[in-house]
Structures are given as structure tokens and as C-alpha cells.
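The values are calculated or read from the model by the stated rules, or taken from the named source; none is laboratory data. Model, not experiment: these values are computed from the prediction. Positions of Cβ are backbone-derived with ideal geometry, glycine not excepted, and every protein chain shown enters the neighbour counts. Ligands, DNA and RNA are stripped out before the accessible areas are found, and what is left, the full protein with its side chains, is counted by its heavy atoms. Shrake-Rupley method; radii C 1.70, N 1.55, O 1.52, S 1.80 Å.
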Amino acid sequence: MKTKINKARFPFLKTLEEFDFSFQPALNQKEVSKLSSLEFLDNKENLLFLGPPGVGKSHLAVALGIKACMAKHRVVFTTAQKLLEELALSLKEGSFTERLLSYSRLNLLIIDELGYMPVNKEQANLLFRLISMRYEKGSIILTSNYNFDEWGVIFSDQVVAVAIIDRLVHHARIFYINGASYRLKDKLKKTKGNGRNSD
Ligand code: ADP
Ligand code: MG
């Protein structure tokens, strides 16, 4: 299990048990907790966590990734930016097919932070090929700070963007997390303590 977790290259280790659902009341705790059964992996379903920074999207992705590792699944965590750079490089070096194959062997691919960097035409095509290859074969957890209707901002090629969304969403559970940033939680309290708020 340790090797699986090491191989997954998580940026940090956080569990579902450490997630404070009371801080994100709009998020359906029951629905998220049910994901621990990992049924979504057996069904080759995708999970999408969408919402602004700091609401726990990466936390939930890592926590479910760890659960998958514990169940001996092959998992890799990467960011959209890293993934796209890697795919573009492999294309240049003539190892793109090999790269795709290595990703196809995973039970779960976690793509974090789609939207922080714009996706150019070539990158969109590479991402499309990756998503198409995993379509109905293996799960993806994707996090983004943009909702689908705003993906036009991320992708310069709208046709490919729509095709990507189509395949991602066909068998997916989508969680919109629109609450407050957990990162700012203590900062906001401090502001209150500073006497800027009367209560
Ligand atoms: P996002 O990916 O949505 O920007 P993160 O998952 O990175 O946010 O969360 C930011 C930090 O706050 C992380 O350290 C995470 O563990 C923590 N965090 C976020 N939401 C919660 C929560 N509801 N309960 C406990 N910790 C949280
Ligand atoms: Mg994040």
C-alpha cells in the first residue's frame, strides 16, 4: 500500500476523515462519503470537483486517491499543467503513444487544477486523446476552478473543449463546491479579532 501511495505522487496526504463537512454545508456529505466504497472505479466513472480556490477540491481528490491506493488500485496524481507539458514533450520526443499507454494502465488518474493555465490548441488535442483513451476504461478525478460553461476561457479551441467535456461528463458525478475558502478561514477570524467587525 505504501508503494502505491508513493507511486501516486500525491502533493500532500489528507484523508476524507480530516475533511470538515460542516465548513462546506452545500456539499452533500453522504454523497461524498459514499465514494469511499470506490464503486466509481469499478464503474469507470469520473468525478469532477468544481469550485473556487481553497474549498477542498484537491483535498477530496487526494483523500479518494489514498482510498484507491489502499484498495491496491494504480493511481497517479498530477496537475493539468504538468500533464500537458509532459504530453507535449513526449510528442516531441516520439514517445507519446508510450505515455498514453502508461496512463491507460492506471485505475485512477487525478488531474488537478484545470483552468489555472490556458490550454492551447495542441495541448487541447493531446488532452482529448488522453481523455478519449480512458473513456469507459478507467476513472479520472478532475478538479477545476471553472464551471463547464466557462471552459471557453481555458481552451482556445472550443470544438475540442466541447468534445473533452462530452467524454468527461458522460459517466461522471459532478460536485460543485461553492462555499468559502478554507485557507482564508483563520485569516477571516483574525480580521474579526482585529476589531474590524463589531461581533
Ligand atoms: P482547493 O484545491 O479547492 O483549492 P485544497 O483542497 O487545496 O483547496 O484546500 C486548501 C487547504 O485547506 C488544504 O490544506 C485542505 O486540506 C484544507 N481544507 C479545505 N477544505 C477543508 C475542509 N472542509 N476541512 C478540512 N480541511 C480543508
Ligand atoms: Mg487545489
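Table for the structure above
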| read-out | value |
| --- | --- |
| Filter result for LEU13 (within 13 Å of ligand 1 (Cβ to nearest atom) and more than 25 Å from GLU136 (Cα to Cα)) | yes |
| Residue match in segment 153-161 (condition: assigned to a loop (DSSP other than H, G, I, E, B), aromatic (Phe, Trp, Tyr) and either open to solvent by less than 60 Å² (accessible area, probe 1.4 Å) or on the phi < 0 side of the Ramachandran plot (or both)) | no |
| Residue count for segment 9-34, restricted to those that are over 20 Å from TYR182 (Cα atoms), within 16 Å of ligand 2 (Cβ to nearest atom) and either open to solvent by less than 50 Å² (accessible area, probe 1.4 Å) or part of a helix (DSSP H, G or I) (or both) | 0 |
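Yes or no, residue by residue, for (1) within 16 Å of ligand 2 (Cβ to nearest atom); (2) touching a residue at least 60 places away in the same chain (Cβ under 8 Å); (3) not basic (Lys, Arg):
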site: LYS92; (1), (2), (3): no, no, no
site: LEU101; (1), (2), (3): no, no, yes
site: LEU108; (1), (2), (3): no, yes, yes
site: LYS121; (1), (2), (3): no, no, no
site: ASN125; (1), (2), (3): no, no, yes
site: GLY138; (1), (2), (3): no, yes, yes
site: ILE141; (1), (2), (3): yes, yes, yes
site: ALA163; (1), (2), (3): no, no, yes
